[in-house]
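Worksheet: the structure to be examined is printed underneath.
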Amino acid sequence: MDFKKQILITGGAGFIGSHLVRLFVNKYPDYHIVNLDKLTYAGNLENITDIENNKNYTFVKGCITDQQFINSLFEKYDFDGVIHLAAESHVDRSITNPLEFIEANIVGTVNLLNAAKNNWGDFKNKLFYHVSTDEVYGSLGDTGFFVETTAYDPRSPYSASKASSDHLVRAYFHTYGLPIVISNCSNNYGPNQFPEKLIPLVINNIKHNKPLPIYGDGKYTRDWLWVVDHAEAIDLIFHKGKKGETYNIGGNNERKNIELVETLCDTVDEQLGREVGSSRKLIEFVKDRPGHDRRYAIDATKLKNELGWEPTIQPEEGLKRTAEWYLANEKWLENVTSGAYQKYYDEQYA
């Protein structure tokens, strides 16, 4: 079958990646979507069983740190575009094992950049899309927002590794003319997120009456973005974004961690038929983590003004849908928490 485009999506079995793969496979039947994922603890093919037999979809297991493998993949498929999401992404684990983040997020990104540079000829009708995070900007005070021109000030090994990869992607644009775009997003939430992250962790612990650990005073503030909204923003930027540009993607929804957890307690209590608010007693404040950024907030005005994107799901609805999904997909949760996550939880919160 002849396809209009061959698109490589890295990390497509992960949380954000699986939603993006699904969107592209279903929306663009004339595109061939190649999903490359190492299938670490956070990559799960159960996330995309609904599209695994589609004729325009191919899964490839492999690691972006293997330069020879990446080169062979580009030679085999002659990609027109890359959407690069594969990354180590958990701040706590980056503090414990920074080298793992440097290898995956920096070396892996350079391997992909080199493969694109060396295999794409004159770069006509090609695009390397690098998906990044708002954490590269550092920490905000009580006011203000991150914009695309905010100076980088990463505070953790994770955010430093992502900042490095952002700089390298831009360097390949300026040095070699490689056509690129970058997006920096706020905290994603929704179905299929691995339960080391705050929202699924809290939902799962409420259900099983386990402690709800909150760092420090609980007033750390994040902007929350519905994962499907994020996937649709990536789709728009990939097709209509200006080459060499950066776009911030935010949910326009700031919440202090303690407020978010209290809302989840009430939401899950209601869905489980418990006394609403009764699970708040499970909240425990734990020792703060090193280098904890106080506040993130994204200004997505550029994306709205230039490409017309706005988030569609507000937190009240999004949190309700998220809780419903996790409570209805107990088997999925059991499968992903039976190994790596349970070990992680036991070590962190025993």
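Give me the residue from the range 338-350 that is part of a helix (DSSP H, G or I) and surrounded by fewer than 19 Cβ atoms within 10 Å (Cβ to Cβ) and, out of that set, modelled with the lowest pLDDT.
That would be 349.
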Residue among 217, 269 that is in contact (Cβ under 8 Å) with a residue 60 or more places away in the chain, under 28 Å from residue 47 (Cβ atoms), charged (D, E, K, R) and surrounded by fewer than 22 Cβ atoms within 10 Å (Cβ to Cβ) = 269
Mind checking which residues of the range 228-242 are touching a residue at least 24 places away in the same chain (Cβ under 8 Å) and surrounded by fewer than 24 Cβ atoms within 10 Å (Cβ to Cβ)?
-> 228, 229, 231, 232, 235, 236, 238, 240, 241, 242
Starting from the range 53-79, keep only residues that are closer than 19 Å to residue 105 by Cβ, then list their pairs with residues that are acidic (Asp, Glu) whose Cβ atoms are within a distance under 7 Å, requiring at least 6 positions of separation or different chains.
-> 65/103
Among what's in the range 115-162 and is among the polar types (S, T, N, Q) and assigned to a strand (DSSP E or B), pick the residue that is nearest to residue 292 (Cα to Cα).
-> 133
Mind listing just one residue for me: the one in the range 188-214 that is under 23 Å from the mean Cα position of the chain (by Cα) and part of a loop (DSSP other than H, G, I, E, B) and, of those, surrounded by the most Cβ atoms within 10 Å (Cβ to Cβ)?
-> 193
For the range 272-284, enumerate the residues that are surrounded by fewer than 17 Cβ atoms within 10 Å (Cβ to Cβ) and closer than 19 Å to residue 321 by Cα.
-> 272, 273, 274, 276, 277
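Among the residues in the range 165-187, are any assigned to a loop (DSSP other than H, G, I, E, B), under 16 Å from the mean Cα position of the chain (by Cα) and in contact (Cβ under 8 Å) with a residue 60 or more places away in the chain?
yes
The values are calculated or read from the model by the stated rules, or taken from the named source; none is laboratory data. Keep in mind that what you see is a predicted model, and the values were worked out from it rather than measured. Quick reminder, even Gly has a Cβ in these numbers, built from the backbone with ideal geometry, and neighbours come from all protein chains shown.
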